[in-house]
Every structure is written in C-alpha cells, then in structure tokens.
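The block underneath contains the structure these notes are about, expressed in structure tokens.
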Amino acid sequence: MNPGAAPADGSAAGGPAPAAAARETPEVPADAPLVVFLGDSLTAGLGLPVDQAFPAVVAAKLAEKGRPIRAVNAGVSGDTTAGGLRRADWVLSQRPGVLVLALGANDGLRGLPLEETEKNLREIVAKARAAGARVLLCGMLIPTSYGPEYEEGFGRVFVRIAEKEGLPLVPFLLEGVAGEKELNLEDGIHPNPEGQRILAANVLPYLEPLLPPAPR
C-alpha cells in the first residue's frame, strides 16, 4: 500500500492516514490549489520513489510555471474502480479543488464487466462534484486479451463518460509509453522515471485549465 492513500478496502474509520500530508508536494503556499490524484499503480509510481511518480512531476512542472499546487498522490497499486469508489469519500474529505481520476486499468486487465466500471467511475465523478471538486478523467486502453469487442468497449467507456458528464478527458494516460520497452520497468507495464515524465506531459495540458488563475 502507498502511504498517501486510504486503505484499499475503504476502511478509513480511524480518519486519514497520518502519512497523507507527507505525500503532498513540499514547500508550496498553504493556499495553493489542492489536487488529488486518485488512481492505481500507474499513479502511485510502482517501483519508484514517490517524487518520480507523475503527480509529483506534474506539481513540479506547475511550480516552475509559477502555478504551484498541493498535489496528493492517492494511488493504490492494484486498485480497481470499485476500490476507488470505496476510497472516494476519504479522498474527498480533504476538499480538493481538482480530482484527477485515473482508474480503470485494473478493471480492464481483469476483464471486469464494462457496465460496472462505468457505473463506478460515474459515481466517483458525482461524489467529487458534490464535494465541490472539478474532475479530470484519464482515459485508458487495454490489450486484446478479452477480444476486440471488449477492448473497443473499454476504451469507449471513458469517452462516453466525458461526453455525458462534460468532463475534460486525457485520451490515453499511457500515450507514448505503453509498449515502449525503454520507458517501462522490467515488467513492461509500469513506467520508469522517463515514462512517468511523459505521463505528466500527457496530463498537464488538461489539468492547467481547471486550476485557478496564477496570482499576479
């Protein structure tokens, strides 16, 4: 488990994990926008120091532009959309201004029913909006392990949600990284530091418009 995320089973009865604050990008203004990245191992940066995972890279790039954010990495390795939904109330209790929703890859890899994946994502979006957060949805594609019909339907889930809910959509979080051996760890699935930097570059153009204007 990653220290900055709620328990994967959603058991947060004792309140937020004490280490959650440690996952925030340090040395940023206390009133900087809070952006929570709700995801799985791709978000958590499996096998890497947390400061090399794409949420931290995004925060560093924005700080360079004079638009600092308080970035909280709420990635849990192996998490599905159902797990994310169970954690949503805990994550949103931090009152983020923006929720970057990057879940679904494990649903696809496990061949879970597409209607369940879509329902879970929609419920997370609804919870986020009710909590006053803007949502950035990160799209995902999967290999053809379960056949072309499932593969195509999986990709359409994210597009359909974005269209119906009026959300900005990162078309494919792993664009430019998936299948590129030199950009992934030895497992061929999880991005290495350079791959994580590309993920950050994929997210940044869609995240920036959701942030408040930079102070003059």
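Values quoted throughout were computed directly from the atomic coordinates according to the rules given, and no laboratory measurement underlies them. Quantities reported herein were computed from a predicted structural model and do not represent experimental measurements. As a convention, Cβ positions derive from the backbone with ideal geometry for all residues, glycine included, and neighbour counts pool all protein chains shown.
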Fill in: Given the chain, longest segment not containing exposed loop GluC sites (Glu not before Pro) (DSSP; at most 10 other Cβ within 10 Å)
28-185
Worksheet item: Per residue and in Å³, how big is the convex hull formed by the alpha-carbon atoms of the chain?
Response: 113 Å³
Worksheet item: Under Stokes-Einstein, with the Kirkwood radius over Cα pairs standing in for Rh, what whole-number D in µm²/s applies to region 122-216 at 25 °C and 0.890 mPa s?
Response: 163 µm²/s
